[in-house]
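J.: Right, I'll just put the structure down here and ask away after.
Every number here is computed from the coordinates shown, using simple stated rules; none is lab data. Here the structure is a predicted model, which is why all the values come from computation and not from measurement. Please note: Cβ atoms are built from the backbone with ideal geometry, for glycine as well, and neighbour counts cover all protein chains shown.
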Amino acid sequence: MNFKIRAAIKDDCKDISRMIMELAVYEKMSDQVKISHKELERDGFSSNPFFQCLVAEVPEENKSKEGHTVVGYALYFYTYSTWKGPSVYMEDLYVMPDFRGQGIGKSLMSQVAQVGKEKQCVRLQLAVLDWNTPSLDFYVSKGAQDLTASEGWHFLRFDGEALDELANEAPKD
Amino acid sequence: MNFKIRAAKKDDSKDISRLIMELAVYEKMPDRVMISYKELERDGFSSNPFFQCLVAEVPEENKSKEGHTIVGYALYFYTYSTWKGPSVFLEDLYVMPDFRGQGIGKSLMSKVAQVGKEKQCVRLQLLMRDWNTPSLDFYVAKGAQDLTASEGWHFLRFDGEALDKLANEASID
């Protein structure tokens, strides 16, 4: 199936909000979600946004059962290491279940790594719940270092060659 | 001793760089610091900075043995929770040893909380090494929840009442 990774626009916020909720359900914490598409619009699309977002889009003929063509997202922001400089932090990575297994997740993550590198970032970091073995295995197999494991969270980092490699796998425009 | 907490200016970057190195020595990792004041100038004082910084300044008559009046700093940036909205992340908090015990660290941290709240942030978060018991005790005493402990790192968060209280303790300008 064809898919396209692109930067999110303000109009995507309802889709992103929908998928944020799906991810929260998967993480067994749907009652923790306190923000809607309105906050996403306010916080992600101003002149100094709190976050950046990429979405994965499929053609109309491959839309989901409910009629959605935006089927995945990666939400990230820039952080700073006073030892190494700019870094990128991937807050959320999600692909709807029916659209997995086709490389959409890998493409989203690689695109984040590439965008980060264009901004001179030297790290891509994220956090994962320790019971989330599929995701944990996925990230470690891509070269992430598992830097912390306690109370259910793991802090992961891509840097050096693993980061270069990840960025080089980003889909060509 | 009087001290003042103020936003860092580009000219403070050499002092901040000096203090970053002192903190790295304290964390037993001075060889890991790869950036200098030049990167701080580039990354913190553009139109879309990677970080924000507050410095603590003492009067000339109270300068350090080496002649410094900038004796502490707090470096932070904005992050985003897709469940809760904007958050602030405290990357570094450091006060020179001779200037501790006077509330400079607490003032720096409170000011970060206050600035964050003005920007609608609902969390102040940070990372901590588990062997750093003085700092860990300090943050927990101020109301932080220790959310993760592994491989030496602790993930801490201020929110709700603890955050409000912290922000309310910021020094009045």
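J.: Averaging sequence separations of C-alpha pairs under 8 Å and six or more residues apart, then dividing by the length of the range B:1-131, give the relative contact order as a whole percent.
T.: On the way: 194 pairs, mean separation 29.6, N = 131.
Reported as a whole number, the value is 23 percent.
J.: What's the extension gain from B:ARG32 to B:LEU127 if we count 0.36 nm per residue and subtract their Cα-Cα distance? Before the final figure, lay out the partial values.
T.: Details: separation 95, 0.36 × 95 = 34.20 nm, distance 1.71 nm.
Full extension from B:ARG32 to B:LEU127 adds 32.5 nm.
J.: For the range B:32-72 and the range A:8-42, what is the separation of their C-alpha centers, rounded to whole Å?
T.: 37 Å
J.: In Å, what Kirkwood hydrodynamic radius results for the range B:4-145 from the alpha-carbon pair distances?
T.: 15.8 Å
J.: What is the mean number of Cβ atoms from other protein chains located within 10 Å of the Cβ atom of each residue in peptide A:45-53, rounded to a whole number?
T.: Working: counts 0, 0, 2, 5, 3, 10, 6, 1, 2.
Neighbouring Cβ atoms belonging to other protein chains average 3 per residue here.
J.: May I ask you to list the residues of the range B:65-105 whose amide nitrogen lies under 18 Å from a point 7 Å from Cα along the Cα→beta-carbon direction of A:HIS68?
T.: From the range B:65-105, the list is B:82-84.
J.: For a quick check of your reading of the filter: which trypsin sites (Lys or Arg not before Pro) in the range A:25-78 sit in a DSSP loop and have no more than 15 other Cβ atoms within 10 Å? Present the calculation step by step, with values, prior to reporting the outcome.
T.: Working: sites: A:LYS28, A:LYS34, A:LYS38, A:ARG42, A:LYS63, A:LYS65; in loops: A:LYS28, A:LYS34, A:LYS63, A:LYS65.
Filter output for the range A:25-78: A:LYS28, A:LYS34, A:LYS63, A:LYS65.
J.: Using 18 Å as the Cα-Cα cut-off, could you pick out the over-long pairs in A:LYS84/B:LYS117; B:LYS9/B:LYS65; B:LYS14/B:LYS119; B:LYS4/B:LYS63; B:LYS14/B:LYS117; B:LYS28/B:LYS65?
T.: On the way: A:LYS84/B:LYS117 28 Å; B:LYS9/B:LYS65 23 Å; B:LYS14/B:LYS119 28 Å; B:LYS4/B:LYS63 13 Å; B:LYS14/B:LYS117 29 Å; B:LYS28/B:LYS65 23 Å.
Beyond 18 Å: A:LYS84/B:LYS117; B:LYS9/B:LYS65; B:LYS14/B:LYS119; B:LYS14/B:LYS117; B:LYS28/B:LYS65.
J.: In nm, to one decimal, how far is the A:ALA7 label point from the A:GLN145 one, both placed 7 Å along Cα→Cβ?
T.: Distance between label points: 3.1 nm.
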